[in-house]
Amino acid sequence: MTDIEQLYKDCYQRMLTVARQMLKNDDEASDTVSDVFARLADGSLMLPAERPESYLTVTVRHLCLDRIRLMTIHERMERRLSLTDDDPTSEEKERERVAEMIDYAKRTFPKQTWRVFQLRFDEGLLYREIAERLGISEVSVYKHLAEALRQLKEKFNPTRR
């Protein structure tokens, strides 16, 4: 048995659990973990001599963060608002709800708040990157996002305050 096979046996479940928790999607989680082992096999990922199991778990976490960063605002909101029901009509209702929320945001947020919101959730930029791009402070970015989320919660979850 090769070292990679042994690592697979020892680490796969833990890595898959991390990926599932982060991505909220079994197929994407499995693909992400498989990608780590593929990189090991082709030599594009080198393991440290000490604590390779921890390194693999951290690598999966970073790949998950990369996938999340590349999602569109629609995908992120669908995941966050995910209904546990597998009924196709529930998925459609969920998509409609997300579309309604985005439409509401576009119509009602001040231009600067909408731009900050879009850069954060559509492009996945960090607060610092948004601040640099728009020529505002990171505190302003935080305030715009906090206000945007408050408005969305107030409008779409009026009982939760």
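The values are calculated or read from the model by the stated rules, or taken from the named source; none is laboratory data. Computed from a prediction, not measured in an experiment: that's the story for all the values here. Please note: Cβ atoms are built from the backbone with ideal geometry, for glycine as well, and neighbour counts cover all protein chains shown. Just so you know, the surface numbers come from the protein's heavy atoms only, side chains and all, with ligands and any DNA or RNA stripped out. Shrake-Rupley method; radii C 1.70, N 1.55, O 1.52, S 1.80 Å.
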(request) With θ set to phi - 60°, apply the Karplus curve 6.51 cos²θ - 1.76 cosθ + 1.60 along segment 126-139 and write out the HN-Hα couplings as whole Hz, x wherever there is a Gly or Pro. (result) 6, 3, 4, 5, 5, 4, 5, 5, 9, x, 10, 7, 5, 5
(message) Among 18-25, 145-152, how do they line up by average Cβ neighbours within 10 Å per residue, starting with the highest?
(response) 18-25, 145-152
(request) Name the aspartates and glutamates eligible as straight-distance cross-link partners of Lys111: C-alpha to C-alpha under 14 Å, and not fewer than 8 places from it in the same chain. (result) Asp103, Glu147
(request) Pop out the carbon and sulfur fraction of the accessible area of the chain as a percent, whole number, probe 1.4 Å. (result) 49 percent
(message) Please compute one quarter of the surface area of the Cα convex hull for the chain and express it in square nanometres.
(response) 12.5 nm²
